[in-house]
Each structure stands twice: as C-alpha cells, then as structure tokens.
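Nothing in this text is a laboratory measurement; each read-out follows from the coordinates by a stated rule. From a predicted model like this one, the values you see are computed outputs, not experimental measurements.
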Amino acid sequence: MNTTRVGGVLATDVWDLSFAEWQTHRQMRQIADFLRRYVPGFARAYVAQSGVSIGVRETRRIVGDYQLTAEDVLSARKFPDAIARGSYPIDIHNPKGTGTVLQKLPPVRPTTSPCAACCPRGSTGSWSPGAASRARTRPTPPTESRPSPWPRDRRPGCAPHWV
C-alpha cells in the first residue's frame, strides 16, 4: 500500500527530511491501526516492511534540451533518439498534499523518452539523472515514478552510446 504523504518539506534540508521520516512512520502506525480496527480480516495485521527512506517527489529540476509533454506521453510518441520505453500514466501529485491527477495511456501503447531530455539545456557532455529531469505538462509533473519511461539507474551511463 502506498498511503503516506508529507508535503511542505525541502528535500535538501536534513531537518525537513528527518521530520518527513518521522511523519510517515506515524502515518503508517495510524493506517495499520485503522485497518486492524475497521477492515474485516485485518485484526491481526501488522506492518512487515516500509521503504528504507522517504520518497522525494520534487526538489530541484534540470531542464533538458527537450521537455517531454503530456501530449508526447498520451499519444505514445516514439522518439528517434529514445533511450527508454514505458507505459506508466501521467501521475501528478498536488504539492499541497491533496489530490492526484492520473491520466492513463492508451492500452498497449508504450511511450519513449528521448535522449535530448537527458542533456541539461546549454551543456555539452553532461547527463542528468532520471529524478532531476522533468517533463512539461499541466502543471509540471515529475517523471520519476518508478515504472515510468526514465531508466533511473542506467540512463546517464548508457547515453554516450547513443550520441
């Protein structure tokens, strides 16, 4: 279950991150208590595992030579310099903590991520990690959801192969 959320913290501040860690563990206890109390079959349930650290959605952004748009994703656009494929929907979380916009892709139509979105605008020979590269939609959403078309661990190392 992905049910905790903490807003209004700066992920570059160790005190904010510590607060967010504490807050999500508190939320996990509340959710587990709720499930045990009100959901049939959960009377003896317990939290077996959680993430090893707080998941950060937004901190800083690097604008690439190309910015992926909602239209690119929803139309399953194929880029000639594609370095990844994916079929995860557009997932926009409100930074104030309430509401999420989820726009699903057409069935069986993966989208691709262009290499040009990985190169910070105006730089030569630099590559940004997946979570720092951003797309341009309404509003600007992160493209860092794990199943998204951004290869988080391999993209910077593989990119010179395509250049």
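Over all projection directions, the Cα-based convex hull of the range 1-40 averages an area of 3.0 nm². In this entry, the range 1-128 is assigned a mean projected area of 11.0 nm², taken as a quarter of its C-alpha convex hull surface.
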